[in-house]
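In what follows, a single structure is set out as structure tokens and then discussed.
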Amino acid sequence: MSKGKWIKGAAILLSTTLLVSTLGVSASSAEAKYNSSVSTQSSTDTPALSEKEAQELEKKLQESGITSEEDKESIVEEVKKELEAEGIVVPGSPSQSQNNQDTITTLSKGSVSVKAISNAIEKQQKPIDKGIKGAVNKLPLPKATKARVISALSVGGLLKAISHYTGFVDSVEDFLSGIISDRTGLGKTSSDIIAKTITLFLPL
């Protein structure tokens, strides 16, 4: 074999080896990412809000003085009252507690399995969808943007995202807030408000 042909053959072999190696690393990384449940989104999902929209929303919330846990709870309380006015039973509300004569502990307390969270959400799909819509409508967003966020946070979409996880979580609110942020692009304040609203419907 001539020197020129040998060099050409070696170059092709080296390129093939590098390509196979690169593909192998990519596949392994993707598998590790999925198995470790780092991401809740499929490759075709795009957040409902752009990064710029999310930043502008967080800025508006800060300007409105909505920054603390108490501020978030206040908004959730408003949503709860609106839902009850529509005749929707919210577990843990005063009227419900009086009827049951029991202390209702929500899933946001203590360590809970992801499967239990998924099952609880599935059983309360309709009221949770209404709760999500109510919470999103409290955010200072354009009407069209609110519609995009509400669509991204349908219970079906949430359950699909949750199905990528296994094990236990110490904070259901934080867990759901992370999923909400991934699916919508919303910042922490907005995601927390929606997550807190969802946990209203998740009694143990």
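What about Leu139, is it among the aliphatic types (A, V, I, L, M), at pLDDT 90 or above and crowded, with 19+ Cβ neighbours inside 10 Å?
On the way: among the aliphatic types (A, V, I, L, M): yes; at pLDDT 90 or above: yes; crowded, with 19+ Cβ neighbours inside 10 Å: yes.
For Leu139, the condition - among the aliphatic types (A, V, I, L, M), at pLDDT 90 or above and crowded, with 19+ Cβ neighbours inside 10 Å - is met.
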Original post:
Would it be correct to say that Ile198 is open to solvent by 30 Å² or more (accessible area, probe 1.4 Å) and either more than 19 Å from Glu56 (Cβ to Cβ) or at pLDDT 90 or above (or both)?
Top reply: no
Original post:
Among the residues of region 71-128 satisfying the criterion of being open to solvent by 70 Å² or more (accessible area, probe 1.4 Å) and part of a loop (DSSP other than H, G, I, E, B), which is modelled with the highest pLDDT?
Top reply: Glu86
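Using the structure shown, decide if Lys146 is without any contact (Cβ under 8 Å) to a residue 12 or more places away in the chain and more than 18 Å from Ile117 (Cα to Cα). I'd like the intermediate steps shown before the answer.
Details: without any contact (Cβ under 8 Å) to a residue 12 or more places away in the chain: yes; more than 18 Å from Ile117 (Cα to Cα): yes.
Against the criterion (without any contact (Cβ under 8 Å) to a residue 12 or more places away in the chain and more than 18 Å from Ile117 (Cα to Cα)), Lys146 qualifies.
Sort out which residues of region 167-193 are of a type in the set (Gly, Ala, Ser) and not in a loop (DSSP other than H, G, I, E, B), and write them in order of number. Break it down into steps so the answer makes sense when it comes.
First, the residues of region 167-193 that are of a type in the set (Gly, Ala, Ser): 167, 171, 177-178, 181, 185, 187, 190-191.
Of everything in region 167-193, those that are of a type in the set (Gly, Ala, Ser) and not in a loop (DSSP other than H, G, I, E, B) turn out to be Ser177, Gly178, Ser181, Ser190, Ser191.
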Original post:
Do you know which residues across region 142-164 are open to solvent by 50 Å² or more (accessible area, probe 1.4 Å) and assigned to a loop (DSSP other than H, G, I, E, B)?
Top reply: Pro142, Ser163
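The values are calculated or read from the model by the stated rules, or taken from the named source; none is laboratory data. Just so we're clear, the structure is a prediction, and the values are computed from it rather than from any experiment. Cβ coordinates were reconstructed from backbone atoms using ideal geometry, including for glycine residues, and neighbour counts include every protein chain displayed. Accessible surface areas use protein heavy atoms only, side chains included; no ligands, DNA or RNA. Shrake-Rupley method; radii C 1.70, N 1.55, O 1.52, S 1.80 Å.
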